[in-house]
1. Hey, fewest Cβ within 10 Å first, where do 31, 20 land in order?
2. To the nearest 0.05, what FRET efficiency results for residue 6 and residue 81 with a Förster distance of 35 Å applied to their C-beta separation?
3. With +1 on each Lys and Arg Cβ and -1 on each Asp and Glu Cβ, and nothing else charged, work out how big the dipole of the stretch 70-149 is about its Cα centre, in Debye to the nearest 20.
4. Quote the relative contact order of the chain in percent (integer), defining contacts as alpha-carbon pairs under 8 Å separated by 6+ residues.
5. Give me the net charge for the shell around residue 115: Cβ to Cβ below 13 angstrom, other residues only, Lys and Arg +1, Asp and Glu -1.
6. Considering the options 72, 89, 109, tell which one lies farthest towards the positive end of the dipole of the stretch 66-119, charges being +1 on Lys and Arg and -1 on Asp and Glu at the Cβ, about the Cα centre.
7. Going 7 Å from the Cα of residue 14 in the Cα-to-Cβ direction, what parts of the stretch 62-95 have a backbone nitrogen less than 19 Å from that spot?
8. Can you show me the helix-derived [θ] at 222 nm for the chain, built from DSSP H runs with n ≥ 4 at -39,500 (n - 2.57) apiece and divided by the number of residues, rounded to the nearest 500.
Amino acid sequence: MFLFFNHFDTIAGHPLTLKIIEKNPGDQQAIPFYYYNILLSGSDQPIGKISLRVGHNFHSYYNGNIGYEIDLAHRGHHYAAAACQMLFPLAKAHGMEYLDITCDEDNIASYKTLERLGVELLEICTPPQSYCYWNETIQPHRIYRLKLQ
């Protein structure tokens with residue numbers, strides 16, 4: 001059984017704070033994950049969401065260990081990159097040495113965010129039909145790796 005850490009339920013920083021929404025143990029395909037609201041520090045109004053998927057398997061290679069979304073009104077301030085960095089200590093606490101992070105090939109804003117983090121592009125590919133989130137309209141993915149120091 002997966003052990004979640006409670007002392008990461010709120011991750012405070014500047015200019016952001018992450019507050020836990022859900023801790024999901026996963027299943028045979030989806031790995032366990034933490035799901036957070038992203039807030040501007042000092043506010044209780046979410047400006048986006050971010051998840052950390054803990055561990056690695058076939059499906060997480062294509063889905064990535066981190067997923068994020070920033071509300072339209074708050075884009076352009078590098079909040080996604082800052083929120084990703086805030087999750088690195090949690091990933092390390094779970095013994096992760098690297099994170100695979102993915103985005104659709106045509107999502108320029110997302111891959112610019114990832115490049116800001118210092119990721120390495122592993123490949124651009126269309127996930128195979130055996131991928132648990134595959135569908136007929138799935139887009140090619142940019143698959144990156146970030147080594148945690």
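Read-outs: derived from the displayed coordinates by stated rules, not from any lab. For clarity, every value in this text was computed on a predicted model and none was experimentally measured. Positions of Cβ are backbone-derived with ideal geometry, glycine not excepted, and every protein chain shown enters the neighbour counts.
1. 20, 31
2. That gives a FRET efficiency of 0.85.
3. 360 debye
4. 18 percent
5. +3
6. Of 72, 89, 109, it is 89.
7. Only 77-87 pass the distance filter.
8. Computed ellipticity for the chain at 222 nm equals -6000 deg cm²/dmol.
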